[in-house]
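The values are calculated or read from the model by the stated rules, or taken from the named source; none is laboratory data. This is a predicted model, so every value here is computed, not measured. Using ideal geometry, Cβ is built from the backbone for each residue, glycine included, and neighbour counts are taken over all protein chains shown.
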């Protein structure tokens with residue numbers, strides 16, 4: 001396996017508050033990497049630094065490097081980085097004024113693609129990849145926000161897939177979903193890693209164990225341990241990790 | 001015969017629960033009374049304006065100029081003044097609102113927001129005297145014709161000064177209703193920020209934006225004070241942007257104070273027309289808010 005994304009000595013601040021501190025880790029290509037840890041440990045901040053969304057927050061800043069295929073994303077334009085690194089958010093956030101079709105097509109359309117044939121094909125492919133096609137194929141013109149919560153989240157995944165990113169970041173994508181919708185998304189993540197590099201933030205350890213090839217444990221903004229998921233859960237190298245995964249704090 | 005234990009479903013006791021039920025009844029009645037009191041002025045305005053206004057309204061009421069007993073030129077003038085002010089204020093105001101909402105989280109933005117807030121509080125008669133003196137000074141300095149002091153142009157200037165801050169603030173509020181997560185979803189797709197604002201945030205706040213714009217229109221359509229010193233008023237139809245122009249509020253103002261009963265009646269007719277215009281704008285903006293897509297991001 002080769003590393004698609006390499007985080008090197010990354011720190012990030014909100015104003016004067018340091019959210020993550022000197023983190024280095026590799027996200028392998030065509031694999032799922034989970035980031036676990038208690039609330040407020042900097043999991044979301046970490047992945048938001050990878051697609052440079054952290055800097056959108058007023059007074060936020062970063063130090064360190066994030067290499068995508070060996071090149072620092074902070075020396076490239078944020079827009080081109082974000083086209084290569086898609087993101088799915090904690091709460092499903094379809095564009096409120098757009099239909100199902102328009103939501104999926106938004107990434108292409110707003111980047112200047114007008115060819116209706118290409119848009120049709122992309123929407124079909126993305127919705128199928130996101131395992132949503134069968135449920136919405138007769139409702140492509142319905143508002144995106146009219147779908148159920150789980151469907152909206154898969155719509156957001158389809159929207160992210162439509163621009164054919166190389167990496168997909170997921171920020172607790174199932175935290176607002178019921179077990180059935182969660183299972184669907186997890187199946188989907190399993191399929192996605194055949195083509196994409198996936199990094200998923202979760203506070204659900206079972207979820208990390210189910211979907212991830214690698215798991216990183218963060219605590220108070222620091223990377224405590226990272227390993228193959230199985231090894232991390234069965235033979236944690238740090239006492240802190242063991243305490244967290246056995247539920248003694250968190 | 002037994003003594004009744006309840007009155008109107010409420011217990012005739014003095015314990016805690018009974019007292020609470022009686023208090024609840026008393027407060028409900030008080031609240032209802034207050035609503036009635038608040039509605040009395042509104043209701044009587046509508047009734048009075050309708051009853052008296054309808055008497056004035058005849059077939060020639062809308063076609064004749066104020067000099068001949070109609071209000072045709074006043075309606076025309078109000079439409080022209082409002083249209084011109086909107087032409088200036090809507091773009092400037094909405095762009096200011098975009099700046100405040102999307103780029104205004106810094107000291108410059110805060111001071112502009114404060115300034116805009118103060119502008120919305122300036123009494124409209126002060127705006128009138130300001131517009132009047134600006135044009136007068138410019139006229140005396142030979143930069144513009146002194147004819148413009150009392151003209152449609154100076155009226156437009158005064159109304160725009162009132163409308164711009166109003167539209168700017170409502171536009172900012174409208175765009176703030178769009179959730180951060182919607183903006184971030186756009187940015188995360190690799191869409192440049194200006195396009196996220198123009199193609200995602202603006203459409204998402206469109207109905208609230210239009211409502212704000214319509215309320216701005218309603219606000220200036222009813223202004224009298226600033227027009228007294230600027231648009232001035234005229235008994236005849238529109239004769240050029242550099243000439244005085246009549247408006248509905250001005251007609252009401254002058255005719256209501258007139259000693260002639262016929263003119264008093266015309267004032268009521270003009271009032272009714274103005275009230276109906278406001279009502280239509282208000283209803284229209286409410287309908288827009290009920291559009292298919294709502295503002296404020298995804299449902300939970």
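A few comments on the model shown:
- Among the residues of region A:81-95, those identified as in a loop (DSSP other than H, G, I, E, B) and either in contact with a strand residue (DSSP E or B) (Cβ under 8 Å, 6 or more places away or on another chain) or surrounded by 24 or more Cβ atoms within 10 Å (Cβ to Cβ) (or both) are A:89, A:90, A:92, A:93, A:94, A:95.
- As for region A:16-30, it holds at least one residue that is more than 16 Å from the chain's Cα centre (by Cα), at negative phi and part of a loop (DSSP other than H, G, I, E, B).
- Of all residues in region A:36-45, one or more are within 14 Å of another protein chain (Cβ to nearest Cβ) and either at pLDDT 95 or above or assigned to a helix (DSSP H, G or I) (or both).
Rundown of residues vs (1) within 30 Å of residue B:145 (Cβ to Cβ); (2) in a helix (DSSP H, G or I), yes/no style:
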position: B:171; (1), (2): no, yes
position: B:211; (1), (2): no, yes
position: B:243; (1), (2): yes, no
position: B:250; (1), (2): yes, yes
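- Any hit, region A:69-80, residues being more than 9 Å from chain B (Cβ to nearest Cβ), in contact with a helix residue (DSSP H, G or I) (Cβ under 6 Å, 6 or more places away or on another chain) and either closer than 16 Å to residue A:168 by Cβ or in a strand (DSSP E or B) (or both): yes
- Annotation for region B:138-145: no member residue is in contact (Cβ under 8 Å) with a residue 24 or more places away in the chain, more than 30 Å from residue A:76 (Cβ to Cβ), more than 14 Å from chain A (Cβ to nearest Cβ) and under 26 Å from the mean Cα position of the chain (by Cα).
- Count of region B:13-41 residues which are loosely packed, with under 10 Cβ neighbours inside 10 Å and modelled with pLDDT under 90: 4
- Being surrounded by fewer than 22 Cβ atoms within 10 Å (Cβ to Cβ), modelled with pLDDT under 90, in a helix (DSSP H, G or I) and within 14 Å of chain A (Cβ to nearest Cβ) is a property that does not hold for residue B:283.
- In region B:56-73, residue nearest to residue B:160 (Cα to Cα) [restricted to those that are out of contact with any strand residue (DSSP E or B) (no Cβ under 9 Å at 6 or more places or on another chain) and assigned to a helix (DSSP H, G or I)]: B:72
- Within region B:198-210, being away from chain A (no Cβ under 11 Å) and either surrounded by fewer than 22 Cβ atoms within 10 Å (Cβ to Cβ) or without any contact (Cβ under 8 Å) to a residue 12 or more places away in the chain (or both) holds for one residue alone: B:210.
- Only a single item in (1) in contact (Cβ under 8 Å) with a residue 60 or more places away in the chain; (2) touching a strand residue (DSSP E or B) at 6+ places or on another chain (Cβ under 8 Å); (3) within 16 Å of residue B:182 (Cβ to Cβ); (4) surrounded by 18 or more Cβ atoms within 10 Å (Cβ to Cβ) is not met by residue A:53, and it is number (1).
- For residue B:185, the conditions (1) over 30 Å from residue A:161 (Cα atoms); (2) crowded, with 22+ Cβ neighbours inside 10 Å; (3) within 14 Å of another protein chain (Cβ to nearest Cβ) all hold with the exception of (1).
- Only a single criterion out of (1) over 19 Å from the mean Cα position of the chain (by Cα); (2) in a helix (DSSP H, G or I); (3) within 13 Å of chain A (Cβ to nearest Cβ); (4) crowded, with 22+ Cβ neighbours inside 10 Å is not satisfied by residue B:178, namely (2).
- Just one of the listed residues (B:245, B:220) is modelled with pLDDT of 90 or more and either closer than 30 Å to residue B:177 by Cβ or surrounded by fewer than 16 Cβ atoms within 10 Å (Cβ to Cβ) (or both), namely B:220.
- Note on region B:104-132: residues that are surrounded by 13 or more Cβ atoms within 10 Å (Cβ to Cβ) and in a helix (DSSP H, G or I) total 14.
- When restricted to residues that are touching a strand residue (DSSP E or B) at 6+ places or on another chain (Cβ under 7 Å) and more than 8 Å from chain A (Cβ to nearest Cβ), region B:188-197 contains 0.
- Residues satisfying the stated conditions in region A:97-108, i.e. more than 8 Å from chain B (Cβ to nearest Cβ) and either assigned to a helix (DSSP H, G or I) or within 22 Å of the chain's Cα centre (by Cα) (or both): A:100, A:101, A:102, A:103, A:104, A:105, A:108
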